Amino acid sequence: MTYSLNVNGKAQEADVEPGTPLLWALRDSLGILGPKFGCGIGSCGACTVHIDGVPVRSCTTPVERVGAGKVTTIEGIEASAIGQKVQAAWEELDVAQCGYCQPGQIMSATALLTKTPKPTDAEIDAAMNGNICRCATYTRIRAAIKKASGQKAGV
């Protein structure tokens, strides 16, 4: 079945079976490789994308559930001023170690700062809960979010 998707501002068509997770439509049908497969049950956050600005786990979101929603992946996050700030902070503070989870981390951080421009540590921890980093760069992730929000980074 063919699904019309708006991904990173472009209309695209994914020819996949009903029930196919959005992650596989993005990766296998559209060749968008930023969202990563981690756990496959929506628990690790490596596959996080935005649908209409809301972070979702693409590994557990059936493609037909997207409908007319606008999908944004890590490849499209730089179109957002906040996404640009988050990516710049990530790079400046050298957040990534292995980097596998970082697309999902950046997507969740961008969604947080869009909704809460000056988050507290507790708000950051709550928003990032469920984005797992096997390298445990949580201190630098929090510092990058603070820096992107214009607050003291404190690494």
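The values are calculated or read from the model by the stated rules, or taken from the named source; none is laboratory data. Note that this is a predicted model, so its numbers are computed, not measured. Glycine gets a Cβ as well: all are built from the backbone with ideal geometry, and neighbour counts include every protein chain shown. What goes into the accessible areas is simple: the full protein's heavy atoms, side chains included, and nothing from ligands, DNA or RNA. Shrake-Rupley method; radii C 1.70, N 1.55, O 1.52, S 1.80 Å.
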* Structure fact -> Scoring segment 50-106 by relative contact order with C-alpha pairs under 8 Å, at least six apart, yields a percentage of 31 percent
* Asked: Got a number for the accessible area of TRP24? Probe 1.4 Å, square angstrom, nearest 10.
  -> 80 Å²
* Structure fact -> With every protein chain in place, the accessible area of ILE32 for a 1.4 Å probe, in Å² rounded to the nearest 10, comes to 20 Å²
* Kindly write out, for segment 66-71 in residue order, the coupling ³J(HN,Hα) from the Karplus curve 6.51 cos²θ - 1.76 cosθ + 1.60 (θ = phi - 60°), rounded to whole Hz, with x marking Gly and Pro. => 5, x, 8, x, 8, 8
* Specify which residue in the list ASN8, THR110, GLY38 is farthest towards the positive end of the charge dipole of the chain, using unit charges on the beta carbon of Lys, Arg (+1) and Asp, Glu (-1), about the Cα centre. => THR110
* Mind checking the dipole of the chain: about its Cα centre, +1 per Lys or Arg Cβ, -1 per Asp or Glu Cβ, Debye to the nearest 20? -> 520 debye
* When the C-alpha atoms of the chain are aligned to their principal axes, what extent does each axis show, in angstrom, from largest down? -> 50, 28, 23
* Asked: At a probe size of 1.4 Å, how large is the accessible area of SER58, to the nearest 10 Å²?
  -> 0 Å²
* Structure fact -> Once Lys and Arg are counted +1 and Asp and Glu -1 for all other residues with Cβ under 11 Å from that of TYR100, the total becomes +2
* Asked: Counting only protein heavy atoms and using a 1.4 Å probe, what share of the accessible area of segment 73-151 belongs to carbon plus sulfur, as a whole percent?
  -> 51 percent
* Computed FRET value (nearest 0.05) for GLU17 with GLU92, which takes r as the C-beta separation and R₀ as 41 Å -> 0.45
* Lysine pair number, Cα distance threshold 22 Å (strictly under), the chain, separation 8 or more or different chains -> 17
* Name the residue farthest towards the positive end of the dipole of the chain from the options ALA144, SER29, THR60, assuming +1 on Cβ of Lys and Arg, -1 on Cβ of Asp and Glu, about the Cα centre. => ALA144
